[in-house]
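A.B. asks: Structure below; questions to follow.
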Amino acid sequence: MGNEGFTNQEFQFRPPNPQAFARYMLTGIIVIALISAISSSYYTVNTDEKGVVLLFGKFNRITDPGLHLKIPFGIETVQTPKFTTVFKEEFGFRTLQAGIESRFEDKKYLEESLMLCGDLSVADVQWIVQYRVIDPKNYLFNIRDPQRVIRDISEAVMRNIVGDSSVDEVLTERRVEINDMVAAEIQKRLDYYNSGIKIEAVRLQDVNPPESVKHAFNEVNAAQQEKERLVNTARKQYNEVIPKTRGLAQQMIKQADAYAIERVNNAQGDASRFTQIYEEYKNSKEVTRRRMYLESMGEVLPTVEKKYIIDEQVKGLIPFMRLGEQENAKQ
């Protein structure tokens with residue numbers, strides 16, 4: 001064979017050089033450390049986030065969205081809470097899929113939604129709380145479990161306010177007012193804890209009586225709605241009839257006032273005219289008497305169709321006027 005010329009000593013195993021092995025290991029460790037340092041020395045903050053940098057687990061600074069550097073090897077760590085996102089907590093129900101036609105879980109969460117109202121009625125109250133983070137530092141370090149805190153406070157506040165209201169007020173009359181009151185009270189308590197959370201809105205969703213009395217409750221609501229309809233119809237008729245009647249009454253009063261003023265003015269004018277004539281009559285009786293006679297005749301004669309003037313000096317009257325015939329003809 002061609003290998004017969006080699007001896008066993010030429011194939012003897014030789015251990016590696018310890019110094020070369022140490023150099024290889026050190027080089028590998030350095031390369032790994034460099035890669036780890038480079039990969040852990042920067043971080044990215046998205047546009048809807050804030051970067052909260054911790055130095056040895058203690059708050060150090062807050063950074064804005066973008067690419068930033070930090071001390072590697074876990075000396076500085078970063079948390080990125082959502083800063084502009086509006087979060088939502090649901091009570092009494094759960095949304096499986098949100099959209100144009102949202103799908104909800106069939107399960108009832110009565111331990112959250114079943115409440116006692118101020119009139120001792122029981123109502124199934126479902127609502128949502130919308131909030132966002134406004135102070136990342138307080139949000140991360142002042143409360144241990146923000147979601148649990150918000151849910152506990154929201155449920156306590158809603159039960160307190162619903163307990164001060166009747167079931168009718170919760171169903172219809174005070175829904176908007178209750179939303180505002182609950183939001184304000186939740187915000188007050190969160191501010192007390194310096195939570196860094198702002199409540200955006202509280203919305204009552206479905207408010208229903210328990211299933212066992214729902215049928216009777218719906219009948220009561222139907223009767224109340226019918227009552228409201230009849231009251232509104234009566235108010236409509238009242239608003240149509242009463243103002244019109246009042247207007248006619250005011251018109252008649254104004255007409256009566258105007259008639260009274262006219263009669264008084266005419267009477268005062270006649271009295272003044274009579275007084276003036278009387279003063280003239282006292283000064284010259286004959287002239288005044290004749291003038292009054294002529295004025296009266298001037299008013300009467302134009303209304304007479306035919307006039308017969310007879311001289312008072314005539315002694316015998318010739319019967320040519322045929323007065324009787326004219327009267328018969330008129331009849």
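The values are calculated or read from the model by the stated rules, or taken from the named source; none is laboratory data. Given the structure is predicted, the values throughout are model-derived calculations rather than measurements. Cβ atoms come from the backbone with ideal geometry, glycine included; neighbour counts cover every protein chain shown.
A.B. asks: Give me the pairs, please: first residue somewhere in region 285-305 and without any contact (Cβ under 8 Å) to a residue 40 or more places away in the chain, second residue anywhere and surrounded by 10 or more Cβ atoms within 10 Å (Cβ to Cβ) and part of a helix (DSSP H, G or I), beta-carbon distance under 8 Å, and either six or more positions apart or on two chains.
C.D. replies: Final answer for the pair search is Thr288/Ile277; Thr288/Glu280; Thr288/Tyr281; Arg289/Tyr281; Met292/Ile277.
A.B. asks: Name the pairs whose Cβ atoms lie under 7 Å apart, with the first residue in region 55-70 and loosely packed, with under 11 Cβ neighbours inside 10 Å, the second assigned to a loop (DSSP other than H, G, I, E, B), and 6 or more positions between them or separate chains?
C.D. replies: Cβ pairs passing all conditions: Phe56/Ile75; Leu69/Ser41.
To keep it simple, each residue is scored yes or no on (1) under 30 Å from Thr172 (Cα atoms); (2) modelled with pLDDT under 90.
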{"site": "Ala216", "(1), (2)": "yes, yes"}
{"site": "Glu228", "(1), (2)": "yes, yes"}
{"site": "Glu240", "(1), (2)": "yes, yes"}
{"site": "Lys244", "(1), (2)": "no, yes"}
{"site": "Lys254", "(1), (2)": "no, no"}
{"site": "Arg273", "(1), (2)": "no, yes"}
{"site": "Thr288", "(1), (2)": "no, yes"}
{"site": "Arg322", "(1), (2)": "no, yes"}
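A.B. asks: Go through the residues of region 158-165 one by one and say whether even a single one is closer than 18 Å to Ser113 by Cβ and part of a loop (DSSP other than H, G, I, E, B). Break it down stepwise before answering.
C.D. replies: Filtering region 158-165 down to residues closer than 18 Å to Ser113 by Cβ leaves 158-165.
Now restrict to residues that are part of a loop (DSSP other than H, G, I, E, B): 164-165.
Yes, region 158-165 contains at least one residue that is closer than 18 Å to Ser113 by Cβ and part of a loop (DSSP other than H, G, I, E, B).
A.B. asks: Please go through region 169-199 and give me each residue that is touching a Pro at 6+ places or on another chain (Cβ under 7 Å) and on the phi > 0 side of the Ramachandran plot, ordered by number.
C.D. replies: Gly196
A.B. asks: Can you tell me which of (1) part of a loop (DSSP other than H, G, I, E, B); (2) surrounded by 13 or more Cβ atoms within 10 Å (Cβ to Cβ) is the one Thr47 doesn't meet?
C.D. replies: So the condition that Thr47 fails would be (2).
Matching residues to (1) within 24 Å of Arg175 (Cα to Cα); (2) touching a strand residue (DSSP E or B) at 6+ places or on another chain (Cβ under 7 Å):
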{"position": "Thr77", "(1), (2)": "no, yes"}
{"position": "Thr80", "(1), (2)": "no, yes"}
{"position": "Leu96", "(1), (2)": "no, yes"}
{"position": "Gly118", "(1), (2)": "yes, no"}
{"position": "Val129", "(1), (2)": "yes, yes"}
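A.B. asks: Given the criteria touching a Gly at 6+ places or on another chain (Cβ under 9 Å) and assigned by TED's automatic domain parsing to the domain that holds Tyr193, does Leu96 qualify?
C.D. replies: So Leu96 does not fit the description; no.
A.B. asks: Residues in region 166-182: is at least one hydrophobic (A, V, I, L, M, F, W, C), closer than 15 Å to Arg132 by Cα and modelled with pLDDT of 95 or more? Walk me through how you get there before you give the answer.
C.D. replies: So in region 166-182, the residues hydrophobic (A, V, I, L, M, F, W, C) come out as 167, 170-171, 176, 178, 181-182.
Next, only the ones that are closer than 15 Å to Arg132 by Cα stay: none.
No, that holds for no residue.
A.B. asks: Residues Leu110, Leu140: which one is more than 25 Å from the chain's Cα centre (by Cα), of a type in the set (A, V, I, L, M) and exposed (fewer than 15 other Cβ atoms within 10 Å of the Cβ)? Talk me through it step by step, then tell me what you get.
C.D. replies: Values: Leu140 fails: exposed (fewer than 15 other Cβ atoms within 10 Å of the Cβ).
Result: Leu110 is the single residue among Leu110, Leu140 that is more than 25 Å from the chain's Cα centre (by Cα), of a type in the set (A, V, I, L, M) and exposed (fewer than 15 other Cβ atoms within 10 Å of the Cβ).
A.B. asks: Oh, and also: Tell me, which residue of region 100-134 that is of a type in the set (Gly, Ala, Ser) and outside any helix (DSSP H, G or I) is farthest from Val157 (Cα to Cα)? Write out each step before concluding.
C.D. replies: If we filter region 100-134 for residues that are of a type in the set (Gly, Ala, Ser), which is where we start, we get 102, 113, 118, 121, 123.
Next, from what is left, pick out any that are outside any helix (DSSP H, G or I): 102, 118, 121, 123.
On the way: Ser102: 27, Gly118: 14, Ser121: 18, Ala123: 16 Å.
Step by step, filter region 100-134, then rank; the result is Ser102.
A.B. asks: Filter region 164-199 for residues that are farther than 25 Å from Ala123 by Cα and either of a type in the set (Gly, Ala, Ser) or touching a residue at least 60 places away in the same chain (Cβ under 8 Å) (or both); which is surrounded by the most Cβ atoms within 10 Å (Cβ to Cβ)?
C.D. replies: Looking at residues that are farther than 25 Å from Ala123 by Cα and either of a type in the set (Gly, Ala, Ser) or touching a residue at least 60 places away in the same chain (Cβ under 8 Å) (or both), I get Ile197.
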